[in-house]
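Data first, discussion second: the structure below is written as structure tokens.
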Amino acid sequence: MRVAVPKLLLVLVLMLLLTESQADDAVVLVTGSESLVSDVSSLDTRKAYLGIAVPVGGNTLRPFRRGEDERLNLIFLQSVIAMSQKSYERRLLSMMLKFGMPRPVEVDSHEELVERLARNRYGIGYMWKVDADADSRVKIIRVLWQER
């Protein structure tokens, strides 16, 4: 019963946040415009953000997380990772302690994400589609979530 109440509250908060959004909201997976990454499956995206090494062209994908946008993170965790924030953090900690797998790097702004993607040719990140469309320094790999 104790577990059900927090989960129910999380679902209610998510529903409230999503009903306030605009009909054209979308979250996209991006990489730097000069990146060598051109396609990443949904499964590989999930693996990378769970700390599992995903090889691409002889290198490993390097995921970057957005820390400052609560709604973006909530949508990303629920739609792509399929976990609550608490479960996700526990999973990352477990992977780090058991296997020494690094956590995705957390960035504090759109600008910091774009700078890191420009420096890492195998870096991936997520952002609002409207922000990605407006920034020529990133390219969209796939749509991760779109409001219907």
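At a glance:
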{"item": "Residues of the range 98-148 that turn out to be touching a residue at least 40 places away in the same chain (Cβ under 8 Å) and outside any helix (DSSP H, G or I), as a count", "result": "30"}
{"item": "M95, sole failed condition from (1) over 18 Å from K129 (Cβ atoms); (2) open to solvent by less than 50 Å² (accessible area, probe 1.4 Å); (3) touching a residue at least 24 places away in the same chain (Cβ under 8 Å); (4) not in a helix (DSSP H, G or I)", "result": "(4)"}
{"item": "Close pairs (9 angstrom Cβ cut-off, 6 or more residues apart or separate chains): on the phi > 0 side of the Ramachandran plot in the range 34-51, charged (D, E, K, R) anywhere", "result": "G51/R91; G51/R103"}
{"item": "Hits in the range 43-86 - residues which are of a type in the set (K, R), within 9 Å of the chain's Cα centre (by Cα) and in a strand (DSSP E or B)", "result": "R65, R66"}
{"item": "Residue match in the range 67-83 (condition: within 13 Å of I124 (Cβ to Cβ), touching a helix residue (DSSP H, G or I) at 6+ places or on another chain (Cβ under 9 Å) and surrounded by 14 or more Cβ atoms within 10 Å (Cβ to Cβ))", "result": "yes"}
{"item": "Close pairs from the range 52-79: first more than 19 Å from I141 (Cα to Cα), partner in a loop (DSSP other than H, G, I, E, B) and hydrophobic (A, V, I, L, M, F, W, C), Cβ under 8 Å, at least 6 apart", "result": "I52/M101"}
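The values are calculated or read from the model by the stated rules, or taken from the named source; none is laboratory data. All values derive from a computational prediction rather than experimental measurement. Methodologically, a virtual Cβ is constructed for each residue, glycine included, from the backbone with ideal geometry; neighbour enumeration extends over all protein chains shown. Surface accessibility is based on the protein's heavy atoms, side chains included, excluding ligands, DNA and RNA. Shrake-Rupley method; radii C 1.70, N 1.55, O 1.52, S 1.80 Å.
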